[in-house]
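Notes to accompany the following structure.
Values quoted throughout were computed directly from the atomic coordinates according to the rules given, and no laboratory measurement underlies them. Everything quoted here is computed from the prediction, not taken from an experiment. Cβ placement follows ideal geometry from the backbone for every residue including glycine, while neighbour counts extend to all protein chains displayed.
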Amino acid sequence: MKKLKVLFDFLRLSVPNLIEFSRNVVAKITGNASFTTPDIPVAQITTATNNVETAYNAAKNGGKQQTANLHAAVAILIDLLRRQALYVDRIAFGSETIILSSGYTTTHQPLPKIAPEFDAKIGKSSGKILLSHKAVKNAGAFMWEYSTDGSLTDQTNWTLLKVTTQSKVEISELESGSKLWFRSAVVTPTGQGAWSNPIMKVVP
């Protein structure tokens with residue numbers, strides 16, 4: 001019989017959902033008799049979660065530095081949650097009941113269908129990439145950028161591709177075989193929103 005393991009579905013959550021997920025894990029592990037000595041102290045995860053929330057709120061109407069701070073905070077939180085998931089796996093030893101009691105999900109459970117905020121797909125012909133962003137109410141424009149290294153700290157490495165009024169765009173005439181990172185941001189009457197988490201694609 002196949003042993004169940006923790007599902008790392010939290011890696012693809014939006015920032016608000018990631019914050020909610022992290023706080024649920026903290027609540028479930030705290031005082032849980034199965035997890036008396038977690039590898040990552042719950043207080044450390046709580047601090048990292050609060051840092052993400054603070055950075056997320058700052059990035060809503062902030063500039064490039066605030067966005068970079070958000071990406072850095074998210075990376076730290078995801079790393080902590082990943083390491084804690086390995087601990088839960090080790091303690092649970094395949095027990096679905098114990099895994100679920102930690103706030104994580106298991107490989108046995110179907111994933112909820114959560115539409116990604118931003119997505120990038122290979123185009124149907126060479127040199128093309130299809131980019132899309134989740135529809136946003138009152139969106140006036142969508143900004144699309146690419147980078148050759150996907151840096152979350154050096155914003156000068158990002159180049160604006162297009163600004164559109166549609167939530168989908170096809171980027172063409174890219175160099176085939178090149179490895180590129182893409183991201184998007186929405187412009188509403190209140191200003192430009194935070195940049196999405198980058199997605200890497202190899203251009204066909």
Completion exercise
Final fewest-first order of R12, R23 on the 10 Å Cβ neighbour count is R12, R23
Exercise for the section: Measure nothing fancy, just the Cα-based angle from helix 15-29's long axis to the longest principal axis of the chain, in degrees from 0 to 90, nearest 10. Expected result: 10
Problem - Neighbour-count order for Y87, Y146, Y56, fewest beta carbons within 10 angstrom listed first - result: Y87, Y56, Y146
Practice task
Compare T36, T49, T188 in a GNM of the chain, Cα atoms joined below 10 Å, and give the one with the largest fluctuation.
Solution key: T36
Fill in the blank from the handout: Note to self: C-alpha centroids of the range 1-36 and the range 127-204 sit apart, in Å, by 30
Handout entry: Residue range of the chain that is longest and free of GluC sites (Glu not before Pro) which are both DSSP loop and sparsely packed (at most 16 other C-beta within 10 Å)
Key = 1-172
